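Below is one structure, written out as structure tokens; comments come after it.
The values are calculated or read from the model by the stated rules, or taken from the named source; none is laboratory data. Just so we're clear, the structure is a prediction, and the values are computed from it rather than from any experiment. Cβ atoms come from the backbone with ideal geometry, glycine included; neighbour counts cover every protein chain shown. Note: areas computed on protein heavy atoms with side chains; ligands, DNA, RNA excluded. Shrake-Rupley method; radii C 1.70, N 1.55, O 1.52, S 1.80 Å.
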Amino acid sequence: KRQGLLAALLLGGGAAAAEQRATVVDARMREAQLRQAIAIAEALHPELLAQLSFTPADRGTPAFERLCEQLTVYARVIDARGIYTMLLREGALVFGPESYADDDPMASPPGTVYEEPGPEDFDVFATGRPLVVGPATDEYGTFVSALAPVYDRRSGEVQMIVGIDVLADVWQADVNAARRVPWLMACLLLALASALVWGSYWRDHRR
């Protein structure tokens, strides 16, 4: 009975610690991703942004290509699946410069309408507050996404938003890795306790 109680306590404690650690790691990852999105939104050059139309006509223009290059560099530095921009036009979200290569299945040519946005995407335009959403699924896949506003420096209104996508399975793998540490510790403690119990049992019956 004591052995069973000890095992239950160790495994129960391990499960609770694993979930607590997973929650903390998930929150830290979201906070870091949000900081990255805000920093990128603030780094985009307003003069280049002013030259964009968020239509197919942007492709090949110096401003569009320069911004795509800038986002591509940022995506490599922070190891993101992709970084993109969106504009709200007549109630629809339209894609602009992004880090995705033209042959990437996730790519959205300038002027592409986002077919399956979530309400949070519109919230950033309405409130001007950055946020992290997901895992959420759209026509491109399932992601955890950080969204940050880019403000018009004259009016102070949200001009567009910057998004950073991390694939949900990659995100979950990192969270699960954090969750495994307390489980391993609990299993090691249980194995050690079992070894001590059996060692004591063996010695007692040998006498």
query: About its Cα centre, what dipole magnitude does the stretch 101-183 give when the only charges are +1 on Lys and Arg Cβ and -1 on Asp and Glu Cβ, stated in debye to the nearest 20?
result: 560 debye
- line: Once residue 90 and residue 153 are pulled to full extension, the length gained, defined as 0.36 nm per residue separation minus their Cα-Cα distance, is 20.5 nm
task: Can you work out the accessible area per residue across the stretch 62-115, with the rest of the protein chains kept in place, probe 1.4 Å, in square angstrom?
output: 49 Å²
- line: Long-range alpha-carbon pairs in the stretch 44-107, meaning those over 14 Å apart, account in percent for 57 percent
statement: Projecting the Cα atoms of 41, 27, 109 onto the charge dipole of the stretch 9-123, where Lys and Arg contribute +1 and Asp and Glu -1 at Cβ, the residue farthest towards the positive end is 27
query: Can you list the trypsin sites (Lys or Arg not before Pro) in the stretch 39-106 that are in a DSSP coil and have 11 or fewer other beta carbons within 10 angstrom?
result: none
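Protein chains only, probe 1.4 Å: how do 93, 52 rank by accessible area, largest first?
Largest to smallest exposure gives the sequence 52, 93.
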